[in-house]
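The values are calculated or read from the model by the stated rules, or taken from the named source; none is laboratory data. The structure displayed is predicted, hence computed values, not measured ones. Note that we place each Cβ from the backbone using ideal geometry, even for glycine, and neighbour counts take in every protein chain shown. Keep in mind that these areas ignore ligands, DNA and RNA; they rest on the heavy atoms of the full protein, side chains included. Shrake-Rupley method; radii C 1.70, N 1.55, O 1.52, S 1.80 Å.
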Amino acid sequence: MKQILLAAICIIETNCAVTAQESPTQKEMKEKRNFYFGLGVAANGDYKINDKLNNSGLPDLSPTVPEISFGFNYMWTKTLMDIEVNSSYYRETKDATRIIAMNAGVKVRVHYVPVNKEKFFVSGGLDVSYLTGEVSLYNKYNEVDLNDLNPLNYAGQIHLTNDMVYVGPSAAFGFLQDTNWPLRVNVGYEWNILNSKWGSEFADVNNTVKESGHGRFYAKLILYL
């Protein structure tokens, strides 16, 4: 009986040791985890607030802005998931008026991977994004006297904010996956599903407009870190 128990224990220990040695290799083949950095462009549909800006003779929001991303990728054999933060910046001057637009957001991407080879892969699926934006309009010749910080003595600046939630399809093509510098191209189109009225943290906004249904296309090159 003791010999049988000892033999069973030896077999279990041997199996555990083999499993422990094989698991990392098998797991590595089935899934990958990486941080990544992305650089690309976002091509926005026409903002409704641009009509207000144009009517006032002011510079409007650009349809195309550069966008950077930093995120975390989790990839299985047939599934890809990204969680990333995005940011963009735009500045334009017209006569004495300057506009600065900044966006920051979070995106979750879930893809099905129909083609997954050693050197490349192709995937497609859905993006869900939250994007908050700030727009500042001001006279570029403004001056501030630090000996007089009473805000009633200064004018000529407008600060507006907007929040949007986008949903839409996307696709990815990964290449050079068997090298030390694997790359990926992401493209997608998404639509805002909120009313997204323009508001302000510093003033009441009358005759506001809504950016519901606003669409945007993006294309980015992703570098795994």
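Spin-label pair F173-D46: with each label point 7 Å from Cα along the Cα-Cβ axis, the two points sit 3.2 nm from one another. If you find the alpha carbon centre of the stretch 47-83 and of the stretch 117-168, how far apart are they in angstrom? When both Cα centres are located, 11 Å separates them.
Listed values for the stretch 90-99 are Karplus-derived 3J(HN,Hα) couplings in whole Hz (6.51 cos²θ - 1.76 cosθ + 1.60, θ = phi - 60°), namely 9, 9, 9, 10, 9, 6, 9, 9, 10, 10, and x replaces Gly and Pro. Considering every alpha-carbon pair of the stretch 82-225, the percent of pairs per 10 Å bin, from zero through the bin containing the longest distance, is 10, 29, 26, 18, 12, 5, 1.
Computed over the chain with a Gaussian network model linking Cα atoms closer than 10 Å, the most mobile of N73, N150, N180 is N150. Taking a straight Cα-Cα cut-off under 15 Å and skipping sequence neighbours fewer than 8 places away in the same chain, the aspartates and glutamates within cross-link reach of K107 are E67, D82, E84, D127, D163, E190. Sorting H159, H214 by accessible area puts them as H159, H214; the probe is 1.4 Å, largest comes first, and only protein heavy atoms count. Taking label points 7 Å from Cα along the Cα-to-Cβ direction, Y89 and F202 give a separation of 1.9 nm.
On the basis of the beta-carbon distance and an R0 of 41 Å, K32 and E134 show a calculated FRET efficiency of 0.70.
Report the relative contact order of the chain, percent, no decimals, based on alpha-carbon pairs under 8 angstrom and at least 6 residues apart.
On the way: 498 pairs, mean separation 41.8, N = 225.
Once normalised by length, the contact order is 19 percent.
M81 contributes an accessible area of around 70 Å² to the protein surface, as traced by a 1.4 Å probe with all chains present. The value obtained for the stretch 72-140, namely the Cα convex hull volume divided by the number of residues, is 107 Å³ per residue.
Applying 1/(1 + (r/R0)^6) with R0 = 35 Å to the Cβ-Cβ distance of L223 and D145, what FRET efficiency is obtained, to the nearest 0.05?
On the way: r = 47 Å, r/R0 = 1.33.
Efficiency for this residue pair is about 0.15.
For the stretch 94-113, backbone nitrogen atoms closer than 14 Å to the point 7 Å from I68 Cα along Cα-to-C-beta are found at 103-105.
Going through the cross-link list K140/K220; K48/K94; K32/K220, which pairs have a Cα-Cα distance over 30 Å in this structure?
On the way: K140/K220 33 Å; K48/K94 19 Å; K32/K220 20 Å.
From the list (K140/K220; K48/K94; K32/K220), the Cα-Cα distance tops 30 Å for K140/K220.
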